[in-house]
Amino acid sequence: MREPLVRNHPQVTQYRGGLAETHLRTGQVYLEAGDLADTSVAWRRAIELYDGLKSLNGEQTFFRSCCHAGLAGLAGLPGSEVPAADGQAESDRAMSWVRRAGKLGYRNPDAYRTESALDPIRSRPDFQLLMLDLAFPADPFAR
């Protein structure tokens, strides 16, 4: 339903962002069903849609990082259509985007802790440091 909205109203960023999130979540459903090829297609489509936005808000940036983290997790798996050689680059992209999300004000520690799409990067030391940063208030001395 959202594809025609994006096609007919490309200037409405809310439609494009909503469709991108739909592809992120659809990819997660495909992953749960074991359909790795459609998972990677969905996440790549989400990234393409996010690329079409002039600017991303913190939540959209977070969702984009989820797509890259998911692709990192698929790298090298048979049927995923994500080459093993792409794994590190996707993981690095995920970290770059997840850091940007925090800088844009998306600092919900529960989202970072529970979002299953981020599972492939959770063991990274820089992700663990990010989680420590999120545990502290943005301005700990504010009254």
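Name the residues in region 1-44 that are basic (K, R), at pLDDT 85 or above and either farther than 27 Å from G87 by Cα or in contact with a Cys (Cβ under 9 Å, 6 or more places away or on another chain) (or both), would you?
Scanning region 1-44 gives a single hit, R44.
Residues in region 122-133 include none that are among the hydroxyl-bearing types (S, T, Y) and either at pLDDT below 95 or surrounded by 15 or more Cβ atoms within 10 Å (Cβ to Cβ) (or both). Can you pull out the residues in region 103-132 that are in a helix (DSSP H, G or I) and under 12 Å from F63 (Cα atoms)? Hits for region 103-132 are A111, Y112, S116, A117, L118. Total residues in region 65-83 satisfying the condition of being under 17 Å from E48 (Cα atoms), free of Cβ contacts under 8 Å to residues at least 40 places away in the same chain and either touching a Pro at 6+ places or on another chain (Cβ under 8 Å) or among the charged types (D, E, K, R) (or both): the figure is 0.
Being among the hydrophobic types (A, V, I, L, M, F, W, C), within 11 Å of R64 (Cα to Cα) and in contact with a Leu (Cβ under 9 Å, 6 or more places away or on another chain) is the filter here, so list the residues in region 88-124 that pass it.
If the condition is that a residue be among the hydrophobic types (A, V, I, L, M, F, W, C), within 11 Å of R64 (Cα to Cα) and in contact with a Leu (Cβ under 9 Å, 6 or more places away or on another chain), then A94, M95, W97, V98, A101, A117 are the ones that fit.
Looking only at residues in region 45-62 that are more than 20 Å from S80 (Cα to Cα) and surrounded by 17 or more Cβ atoms within 10 Å (Cβ to Cβ), the one that is modelled with the lowest pLDDT is L56. Does region 77-90 contain any residue that is β-branched (V, I, T), outside any loop (DSSP other than H, G, I, E, B) and either buried (at least 16 other Cβ atoms within 10 Å of the Cβ) or at negative phi (or both)? Scanning region 77-90 turns up no residue that is β-branched (V, I, T), outside any loop (DSSP other than H, G, I, E, B) and either buried (at least 16 other Cβ atoms within 10 Å of the Cβ) or at negative phi (or both).
Of the residues making up region 86-102, at least one is in contact (Cβ under 8 Å) with a residue 24 or more places away in the chain and over 30 Å from D139 (Cβ atoms). Within region 9-37, the residues that satisfy the criterion of being buried (at least 16 other Cβ atoms within 10 Å of the Cβ) and in contact with a Ser or Thr (Cβ under 9 Å, 6 or more places away or on another chain) are T13, T26, G27, Q28, Y30, L31, L36.
The values are calculated or read from the model by the stated rules, or taken from the named source; none is laboratory data. Given the structure is predicted, the values throughout are model-derived calculations rather than measurements. Here Cβ is always computed from backbone atoms with ideal geometry, including for glycine, and neighbour counts include all displayed protein chains.
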